[in-house]
Amino acid sequence: MDILLQQIINGLVLGSMYALVALGYTMVYGIINLINFAHGEVLMVGALTSWTVIGLMQDATPWAPGWLILLLSMLIACVVAGTLNFVIEKVAYRPLRNSPKLAPLITAIGMSILLQTLAMILWKPNYKSYPTLLPSTPIHVGGALITPTQILILGLTALSLAVLMWLVHATKLGRAMRATSENPRVAALMGVQPDRVISATFVIGAVLAAIAGVMWAANYGTVQHSMGFLPGLKAFTAAVFGGIGNLGGAVVGGLLLGLIESIGAGYIGDLTGGVLGSNYADIFAFIVLIVVLTLRPSGLLGERVADRA
Amino acid sequence: MKAQHRLTAILLAAAGLLIMPLILQGFGNAWVRIADMALLYVLLALGLNIVVGYAGLLDLGYVAFFAIGAYMFGLLASPHLSDTFAALAAAFPHGLHTPLWLALPLGAALAGFFGVLLGAPTLRLRGDYLAIVTLGFGEIIRVFLNNLDQPVNLTNGPKGLGQIDSIKVFGLDLGKKLSVGGFELASVTLYYYLFLLLVVVSVIICHRLELSRIGRAWMAIREDETAAKSMGINTRNLKLLAFGMGATFGGVSGAMFAAFQGFISPESFSLMESVMIVAMVVLGGIGHLPGVILGAVLLAALPEVLRYVAGPLQAMTGGRLDASILRQLLIALAMISIMLLRPHGLWPAPTHGKSLRKKGSHS
């Protein structure tokens, strides 16, 4: 029972990071139908930026409390990631707005390789340990353990989601975003500037990814130039799982994926009598995904959209 | 006149392709090896082009079929299985050396079978949903290859399979060099001719497919599945056929790869590999055979050539940028700039009969 509770906590923590990244994928997809392959790299840049800022601050202002350093570094990471994604969209995707559908996919893949390489040059290829800035003594919750970092992750995810929902459903920008995703041409006729809305979407997605990146680094304690790949892949899976283009779907998909992975990894050994070990955890998500998509071809919460060839 | 020009061009190209390895051989076998790998990638890209280019099904897990072909051949023609299973060792005291004419079709058939197996549950999926499922399938295959060394050691896990037999056709062992009248042909050069032959056969198959009833049906599905269906095209069977055919090409390339390298491990079949094959097809000109070949040669050979060119550049920058980083940087920049400058690919298919597309709204 305690183990189950522990796995659930771990799953929720993992899932909420997936959810944050998945939101970026799903927002971009909803608005311009593009799989932004470079999204995981934005997460990586966020995490590495915050690592640099923390290093600088620990030297310059040793008196500052850990949480303050973490918060400030996260803010700077958000700004850097937001700017980066703004530039990426402008340079690599905007000129291809009316091109064949696979063209921006290839530039996105190119961007992903480019960012990884640049990060490798800038930050050197070695693994860097990410300093522990929050108290590391775990708290007991009904037999299971949860660290302050994990609590922060859960809290921050909830907060980001609340802000995002408010932004999308209660502001003018949000209305413009929803209108653009429904039909960019008609939205433009109504006075919405699709280009600006798309830029804003990329910036928001990047900020969420940067938050997730800093959390990921704080939770696992290492950063490196290739760290964006796995969260990016899993978050993309989560976005499709929930129904790509659907914000609620991304959150549900992310959390479910986190839970499936964590509980699956915990129990797969017992279930199969030790034949399959926890090293199969990574494919658990994909198997569930394939099953779900076979039964519901447009994801858990996805609507049945008419085919737009 | 025109046909005559065309014939001359083809003959010149053929002569060039036949002589090339002999010249490259003079500079060292490593250069011929690059050409060999480029040809293998052309084979892979041609196979993927059937799925992505003709039928319009985005497959991000294509490398899985390459892996299946490679492992099938590797298991049938290496000492691994007879080392692991005592019963097999008793039956084949000299180790398992399945002849090519059995191992290759088996590898191709297994890959094709898996292609249909993957295709079946994904028939209802469209566009990017399909992309993620195929991607997941590729990862599943790779993880299994990585972990099936226990409870029964089937794939030897991350250590991979070694001592795979080289290809022997009609008493000729491509793994050993051959002397013809005092002139020596290196093993890599022999493989070059084999791969070239395979590429030529594949191009002919693909070209005939493109013009056939099946090819036209695939393209109809690509342009508009609903319309294709209403025209009486059996979309289910044709999509499965596309998956199966594409996968078979992958399986054959995989078997060739295993025999050529003599060693395979799950590392060679990563997601990045799938992504690169898709990039080859799209970069060259999706659905257009010369374009696909150009894209594959470019993306396969360029990095290898850069590896040699990057040395001086590295010295110029004082060793700050090492060759592999530089190579990656240039590939990424090439991918982005080619797509920005030529969104339809380097050598796109001529667009005829697509005037409706321009007027209609696109999403």
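The values are calculated or read from the model by the stated rules, or taken from the named source; none is laboratory data. Everything numeric in this text was worked out from a predicted model, so none of it was measured. Using ideal geometry, Cβ is built from the backbone for each residue, glycine included, and neighbour counts are taken over all protein chains shown.
Key figures for this structure:
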{"item": "1 or more residues closer than 22 Å to A:Leu75 by Cα and touching a Pro at 6+ places or on another chain (Cβ under 7 Å): qualifying helices (runs of 4 or more DSSP H) within the range A:161-246", "result": "A:194-220"}
{"item": "Test for B:Leu145: is it within 12 Å of chain A (Cβ to nearest Cβ), closer than 30 Å to B:Thr235 by Cβ, part of a helix (DSSP H, G or I) and in contact (Cβ under 8 Å) with a residue 12 or more places away in the chain", "result": "no"}
{"item": "Hits in the range B:67-108 - residues which are among the hydroxyl-bearing types (Ser, Thr, Tyr), in contact with a helix residue (DSSP H, G or I) (Cβ under 6 Å, 6 or more places away or on another chain) and part of a helix (DSSP H, G or I)", "result": "B:Ser82"}
{"item": "Pairs where the first residue, in the range B:339-363, is hydroxyl-bearing (Ser, Thr, Tyr) and the second is at pLDDT below 80 and surrounded by fewer than 17 Cβ atoms within 10 Å (Cβ to Cβ), C-beta under 7 Å, 6+ apart", "result": "B:Ser363/A:Arg308"}
{"item": "Selection from the range A:247-260 of residues that are touching a Leu at 6+ places or on another chain (Cβ under 7 Å) and within 13 Å of another protein chain (Cβ to nearest Cβ)", "result": "A:Gly249, A:Gly253"}
{"item": "Hits in the range A:286-309 (condition: within 7 Å of chain B (Cβ to nearest Cβ) and at pLDDT below 65)", "result": "A:Asp307, A:Arg308, A:Ala309"}
{"item": "Qualifying residue in the range B:347-355 (condition: under 30 Å from A:Ile31 (Cβ atoms), modelled with pLDDT of 75 or more and either within 13 Å of another protein chain (Cβ to nearest Cβ) or in contact with a His (Cβ under 7 Å, 6 or more places away or on another chain) (or both))", "result": "yes"}
{"item": "Pick from the range B:148-173, criterion over 22 Å from the mean Cα position of the chain (by Cα) and either away from chain A (no Cβ under 14 Å) or of a type in the set (Phe, Trp, Tyr) (or both), ranking: nearest to B:Ala77 (Cα to Cα)", "result": "B:Gln163"}
{"item": "Single match in A:Leu133, A:Leu122 (criterion: among the aliphatic types (A, V, I, L, M) and not in a helix (DSSP H, G or I))", "result": "A:Leu133"}
{"item": "Top-ranked residue of the range A:104-119 - restricted to ones that are over 18 Å from the mean Cα position of the chain (by Cα) and small (Gly, Ala, Ser), ranked as farthest from the other protein chains (Cβ to nearest Cβ)", "result": "A:Ala119"}
{"item": "Helices (runs of 4 or more DSSP H) within the range B:207-323 that include 3 or more residues closer than 16 Å to B:Tyr62 by Cβ", "result": "B:235-261, B:271-284, B:289-316"}
{"item": "Matching option when the condition is at the interface with chain A (Cβ under 10 Å from one of its Cβ atoms) and at pLDDT below 90, among B:Leu302, B:Leu306, B:Leu329", "result": "B:Leu329"}
{"item": "Among the residues listed as A:Met165, A:Met215, A:Met227, the single one being closer than 24 Å to B:Val275 by Cβ and at pLDDT 90 or above", "result": "A:Met227"}
{"item": "From A:Pro100, A:Pro104, A:Pro62, residue being without any contact (Cβ under 8 Å) to a residue 60 or more places away in the chain and closer than 30 Å to A:Ala188 by Cα", "result": "A:Pro100"}
{"item": "Residue identified as touching a strand residue (DSSP E or B) at 6+ places or on another chain (Cβ under 9 Å) and either more than 14 Å from every other protein chain (Cβ to nearest Cβ) or touching a residue at least 12 places away in the same chain (Cβ under 8 Å) (or both) among A:Thr222, A:Thr201", "result": "A:Thr222"}
{"item": "Criterion (aliphatic (A, V, I, L, M), without any contact (Cβ under 8 Å) to a residue 40 or more places away in the chain and at the interface with chain A (Cβ under 10 Å from one of its Cβ atoms)) met by exactly one of B:Leu125, B:Leu76", "result": "B:Leu125"}
{"item": "Residue match in the range B:138-149 (condition: at pLDDT 85 or above, over 19 Å from B:Val32 (Cβ atoms) and small (Gly, Ala, Ser))", "result": "yes"}
{"item": "Matching residues, the range A:43-76, being exposed (fewer than 15 other Cβ atoms within 10 Å of the Cβ) and of a type in the set (Phe, Trp, Tyr)", "result": "A:Trp63, A:Trp67"}
{"item": "Check on A:Ser160, touching a Ser or Thr at 6+ places or on another chain (Cβ under 7 Å), more than 30 Å from B:Val278 (Cα to Cα) and hydroxyl-bearing (Ser, Thr, Tyr)", "result": "no"}
{"item": "Unique match (being within 19 Å of the chain's Cα centre (by Cα) and either of a type in the set (S, T, N, Q) or under 23 Å from A:Leu233 (Cα atoms) (or both)) among B:Leu125, B:Leu118", "result": "B:Leu118"}
